[in-house]
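The values are calculated or read from the model by the stated rules, or taken from the named source; none is laboratory data. Remember, it's a predicted structure, so these values are computed and weren't measured experimentally. Reconstructed Cβ throughout: ideal geometry from the backbone, glycine too, with neighbour counts over all protein chains shown.
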Amino acid sequence: MEKELNKAAITEEHYSSADIDVLEGLEGVRARPAMYIGSTDTRGLHHLVYEIVDNSVDEALAGIADTITVTLGKDGSATICDNGRGIPVDIHPKVGKSALEVVLTMLHAGGKFRKSSYMISTGLHGVGASVVNALSEIMEVWVKKDGKEYYQAFSKGKSLGQIRVIGDASTSGTTVRFKPDPAIFKETQDFCFETLSHRFEEVAYLTAGLKLELVDERDGQRESFHFEGGIKSMVEHMNVAREKIHEDIIYLRKETPEKVQVEVAMQYTDNYSESIYSFANNVNTADGGTHMSGLKSALTKTINDYARNRKDQFKEFDENFMGDDVREGLTAVISVKLPEPQFEGQTKAKLGNSEIKGIVESSVTELLAEYLEENPRTAKAIIMKCLATSRARKAAQKAKDLVRRKSELEISALPGKLADCSDKDPARCEIFLVEGDSAGGSAKSGRDRRFQAIMPLRGKVINVYKADIKRVLENNEIRSIITALDAGFDEEGPNAVPTDDEDNGNGNKKSFNLDSLRYHKVVIMTDADIDGAHIRTLLLTFFYRYMPDLIREGHIYIAQPPLYKIKAGKIEKYVYSDEELQKALDQIGRDNYNIQRYKGLGEMNAEQLWDTTMNPETRTMFRVAMEDARKADELFSILMGDAVEPRRKFIETHAIYAKNIDI
């Protein structure tokens, strides 16, 4: 012990100012890029584009810019052009450099700190453009302002020369071109058109009148977004594959004396879950916050008040609706714009301004009450929907209790067909949901019993998008999955966000608990045919609808069984795609070979199934991710919902990309 103390004393004695690293300029950003953009994978790569685009959007929110164009270059660059005011180029009085250079080479420098420059903005910390500059191999900026066009170039956070005038200009605006630094990002050419397209579509919805164009010079793709209807258009688009309870989209808007703008668009459908999305200053607040709490409180109060005041018209209304009752089937978007938003966490996923709850609640209560009074047909449709939901909720209570009862979730009550593993550490355990008893038998025989559990599924599980909670919980396969995972389920849907308080019992109560999950890998293992794909889709639909956190937190995997086995003499090789098959045949280079096509897992014996699909050393598995919750919601509604026409259009549009179709 004495020796250890002496050693510690010596270490402390030699710890001096010489041991302190001082990172100048933007070197700190380059040393720890994940602190500023989240990661250095493709997600961080796209974040660079978002940071620059957000600056242009701020010009649109200020009422100046109305067009933004994003161009993906063949050289891996991204160019963002707007017709805003143009970044200031005059000499900054404190620094002695052009304002443009200050903004791009210094953290926490920008126009967002002064309300006179931007009353509303998506970025508050003044780090966006400078961080992109720090992480770029090259950044070039063109500014059109006051009749002149200015140019300055940068590299890795440092200027490559003074700002200079390169010509005259009859318009104003800013153009930024940057190439991500390959020393920071592994894949600098990985800008995904679809990922950016989804993001820009959302931005255009939230900024009514803004035209946002995305051009990909690599393959000629081009898309343009422009929605004069704003968030009303967004709700209309999300409900295209859903049966509407009322045709009109309720739109509420108010600007308060505190300079807070509240916008809500909403429409009820016959869906069994809610789809509510919240935004603050165009930032997607995926975890909700005070504006979401205010909206939910206002909805419950206003709809209850309306029904109570017309008790003679709605005789079945004998007790107040719960929050769940008034939100089932609701598609809604709430967008607030406020001068000084306080976001919780680096990802800005939750709005924290305490005053916003009251502002939203009072605004929505007032405007929605007026709307219901003036539109009695729509109001009646909504109340009847809530009454039906309330009845279904009460009827389903026994089924919920059966699934939730702790005694049924104990080890002794696990499903009889589950072959459990011996390890009790969830982080090391995985469960395979296997199609059919035959494949289930092979999997049970071939698995590693220490950490692999097997649950055979008989037939196709219920399509939860077409069934209420009572019918879902009556399905044996669904009940078995819920019981085996031991983490409960969220009856309110993938987009339900818990409120900060329980709102007298009317707030969302998320009953799915990841801490109770018995297996950290939930692997869907189905046949490599059309039926297997359908079962896989049904399972993913169930997880998305009732256990979305499994997907969000990366616990859902899809096993990849081989499509073929090639045998040439003593050589045996498994391949997983037609392209891989052709490469393997080219490598073998002989005429005498045999190809076996696996159409079902049951065609493989236990040893083959282990070697190809279950052995962690040799298997291939895909992890299911959910990058865009709104797009996922739309896609599930199209593919799994009742409306046929949107599904037909989707299939016609995407049929050219289909592979390995069984005919």
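Residues that are surrounded by 13 or more Cβ atoms within 10 Å (Cβ to Cβ) and either basic (Lys, Arg) or assigned by TED's automatic domain parsing to the domain that holds Arg458 (or both) within segment 568-594 comprise just one, Lys573.
Here Asn239 fulfils each of the conditions (1) farther than 26 Å from Arg545 by Cβ; (2) at pLDDT 90 or above apart from (1). Of all residues in segment 612-632, those that are under 20 Å from Asp549 (Cβ atoms) have Cβ atoms under 8 Å from Cβ atoms of residues that are part of a strand (DSSP E or B) and among the aromatic types (Phe, Trp, Tyr), 6 or more apart or on another chain, in Met621/Tyr557; Phe622/Tyr557; Arg623/Tyr557; Val624/Tyr557; Ala629/Tyr277; Arg630/Tyr277. Residue check: Val283 meets all listed conditions (1) surrounded by fewer than 18 Cβ atoms within 10 Å (Cβ to Cβ); (2) in contact with a Pro (Cβ under 8 Å, 6 or more places away or on another chain) but one, namely (1).
So that you can scan it fast, the table gives a plain yes or no per residue for (1) closer than 21 Å to Val360 by Cα; (2) touching a residue at least 24 places away in the same chain (Cβ under 8 Å):
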| position | (1), (2) |
| --- | --- |
| Val264 | yes, yes |
| Asn271 | no, yes |
| Ser275 | yes, yes |
| Lys311 | no, no |
| Glu328 | yes, yes |
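Take Val326 and tell me if it is closer than 30 Å to Ile469 by Cα, in a strand (DSSP E or B) and assigned by TED's automatic domain parsing to the domain that holds Thr285. Spelling it out, it is not the case that Val326 is closer than 30 Å to Ile469 by Cα, in a strand (DSSP E or B) and assigned by TED's automatic domain parsing to the domain that holds Thr285.
Candidates Val235, Val176, Val260: the one that is β-branched (Val, Ile, Thr) and not assigned by TED's automatic domain parsing to the domain that holds Glu361 is Val176.
Put simply, of Lys417, Lys380 the only residue that is modelled with pLDDT of 85 or more, outside any loop (DSSP other than H, G, I, E, B) and of a type outside the set (Gly, Ala, Ser) is Lys380.
Restricting the first member to segment 226-239 and to residues that are closer than 9 Å to Ala204 by Cβ, and the second to residues that are modelled with pLDDT of 95 or more and among the basic types (Lys, Arg), the beta-carbon pairs closer than 7 Å and six or more apart or on different chains are His226/Lys211. With the structure loaded, tell me whether Gln152 is among the polar types (S, T, N, Q), at pLDDT 95 or above and farther than 15 Å from Val49 by Cα or whether it fails that test. Here the answer is yes, as Gln152 does meet what is asked.
Residues in segment 162-213 that are assigned to a loop (DSSP other than H, G, I, E, B), of a type in the set (A, V, I, L, M, F, W, C) and surrounded by fewer than 15 Cβ atoms within 10 Å (Cβ to Cβ): Ala183, Cys192. Please verify whether segment 308-319 includes one or more residues that are in contact with a strand residue (DSSP E or B) (Cβ under 8 Å, 6 or more places away or on another chain), part of a helix (DSSP H, G or I), not aromatic (Phe, Trp, Tyr) and not assigned by TED's automatic domain parsing to the domain that holds Asp58. No, the conditions are met nowhere in segment 308-319.
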